[in-house]
Amino acid sequence: MNLTSPRRSTPTDEDATAPVELPHVLVTVAEDGTLTATVDGTPFPSPDVSAWTRATFGSLMDAITQDRTIAVRVEVRESDGSVFTDILRTRKPRRAVASSETPVPETRRSRHARRVPRLAEVTADGFVPGEDVAVAAIVSHTDATGTGEARAIIDLDVLSDASTHEVILLGRISGTRAVRRLP
């Protein structure tokens, strides 16, 4: 027994059932770690004279997705023949907050939310590809890239006096340690 009423088709129903076509991004990795990218078969060159590299993969994806405002299907073809595929979805848009006529008193939480983080990047190599890499004075963890390089972004405001701190990157599998002074 069917308890639902028959569905009526409207022009908007046809649009809703049409397949979604995402831009297809193909990234090919060369032996030397340089990347070539195409979007729907059209080459996507680097905006400067240097080539895309593994280190600039995030910037490449940001440029293609226009800072994650466009969803894309990404296919990465490694030089060893392996292929990885993923879909990068868009970020949820933030709603604009209407300014009120009466000023709201500032709180500690609102001051913290308004602050701009001071960040420092620390890199080292020699890690096992994909291994968990501890970042110490343990403020976070990161993963090694497919080439065995680790990258950590550190909020300098989390540390009490960042000018005197050093950071240790510790490979949990390889035991590789790298000590770097924060800039």
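The values are calculated or read from the model by the stated rules, or taken from the named source; none is laboratory data. Treat the numbers as computed from the prediction; the structure is a model and nothing was measured. With ideal geometry, Cβ positions are generated from the backbone for all residues, glycine too; neighbour counts draw on all protein chains shown. Accessible surface is based on the protein model in full, side chains and every heavy atom, while ligands, DNA and RNA are left aside. Shrake-Rupley method; radii C 1.70, N 1.55, O 1.52, S 1.80 Å.
Any idea which residue in the stretch 32-46 is least open to solvent (accessible area, probe 1.4 Å), counting only those that are under 19 Å from the mean Cα position of the chain (by Cα) and more than 18 Å from VAL72 (Cβ to Cβ)?
The extreme case among them is GLY33.
Restricting to the stretch 129-144, give me the number of residues that are among the β-branched types (Val, Ile, Thr) and open to solvent by 60 Å² or more (accessible area, probe 1.4 Å).
Within the stretch 129-144, residues that are among the β-branched types (Val, Ile, Thr) and open to solvent by 60 Å² or more (accessible area, probe 1.4 Å) number 2.
What do you reckon, is SER5 among the small types (Gly, Ala, Ser), part of a loop (DSSP other than H, G, I, E, B), out of contact with any helix residue (DSSP H, G or I) (no Cβ under 8 Å at 6 or more places or on another chain) and at pLDDT below 85?
The answer is yes for SER5.
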